[in-house]
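A quick write-up on the structure given underneath.
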Amino acid sequence: MDVISRPKYADKVDSWIGKGQIIVLVGQRRVGKSFVLKDFIERHKTETDANIISIDKEKKSFDDIKTYNDLNRYIDQRFDSSKHNYILIDEVQDISEWERTVRSYRTEDNTDIIVTGSNSSMLSSDLGTIIGGRYEEIHIHSLNYREFLLFHNLEDNDSSLSLFLNYGGLPG
């Protein structure tokens with residue numbers, strides 16, 4: 001499936017790169033948090049000094065990352081202090097004590113961390129306590145009408161509007 005850029009979110013994410021904040025993408029399931037991460041990868045993978053470390057807990061290849069120790073090992077094996085490290089973790093709440101790893105890597109030079117989550121702890125006001133206060137929360141919402149048209153390759157007409165009004169803007 002192609003990644004459709006959502007400039008509103010891409011700009012928000014990029015505005016926090018290099019500022020020492022943990023970027024947390026939150027929202028209900030199926031609104032496109034994972035695609036915002038994939039779009040980030042597409043836009044930054046050609047940077048000569050980029051080292052992208054991406055973990056997607058919905059893929060079986062990452063089933064063995066269950067705890068912060070597993071997460072530390074995985075990242076340590078791929079971390080390159082001579083480059084700008086982007087650590088991206090999709091559905092981070094599926095890793096026990098993930099916040100310990102995230103807090104630790106946040107202190108590394110030339111490192112940015114972006115995580116996604118959709119459970120109640122990720123959506124609560126306790127998030128600042130969990131990850132130590134230095135974070136920027138970006139709420140991802142379902143597709144707006146223009147994004148809906150682009151996603152489904154539709155023309156702007158009454159039929160498309162009717163589809164949007166009947167089914168809403170959830171991409172999946």
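The values are calculated or read from the model by the stated rules, or taken from the named source; none is laboratory data. These numbers come from a predicted model, not from an experiment. Cβ: placed from backbone, ideal geometry, glycine included. Neighbour counts: every protein chain shown.
Go through the range 76-93 and give me each residue that's among the aliphatic types (A, V, I, L, M) and modelled with pLDDT of 95 or more.
Residues satisfying the conditions are 87, 88, 89.
Residue-by-condition table, conditions (1) exposed (fewer than 12 other Cβ atoms within 10 Å of the Cβ); (2) in a loop (DSSP other than H, G, I, E, B):
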| position | (1), (2) |
| --- | --- |
| 138 | no, no |
| 141 | no, yes |
| 148 | no, no |
| 155 | yes, yes |
| 161 | no, no |
| 166 | yes, no |
| 171 | no, yes |
- Query: Would you say residue 41 is under 12 Å from the mean Cα position of the chain (by Cα), in contact (Cβ under 8 Å) with a residue 24 or more places away in the chain and assigned to a strand (DSSP E or B)?
  - Reply: no
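For every residue, the table says whether it meets (1) at pLDDT 95 or above; (2) out of contact with any helix residue (DSSP H, G or I) (no Cβ under 7 Å at 6 or more places or on another chain).
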{"site": "1", "(1), (2)": "no, yes"}
{"site": "6", "(1), (2)": "no, no"}
{"site": "13", "(1), (2)": "yes, no"}
{"site": "31", "(1), (2)": "no, yes"}
{"site": "34", "(1), (2)": "no, yes"}
{"site": "56", "(1), (2)": "yes, no"}
{"site": "62", "(1), (2)": "yes, yes"}
{"site": "68", "(1), (2)": "yes, no"}
- Message: I'd like the full set of residues that are farther than 19 Å from residue 34 by Cα and either in contact with a Phe, Trp or Tyr (Cβ under 6 Å, 6 or more places away or on another chain) or assigned to a helix (DSSP H, G or I) (or both), limited to the range 89-98.
- Response: 97
- Message: Every residue in the range 45-67 that is touching a Ser or Thr at 6+ places or on another chain (Cβ under 9 Å), within 21 Å of residue 109 (Cβ to Cβ) and surrounded by 14 or more Cβ atoms within 10 Å (Cβ to Cβ), please.
- Response: 51
- Among (1) under 26 Å from residue 15 (Cα atoms); (2) without any contact (Cβ under 8 Å) to a residue 60 or more places away in the chain, residue 65 falls short only on (1)
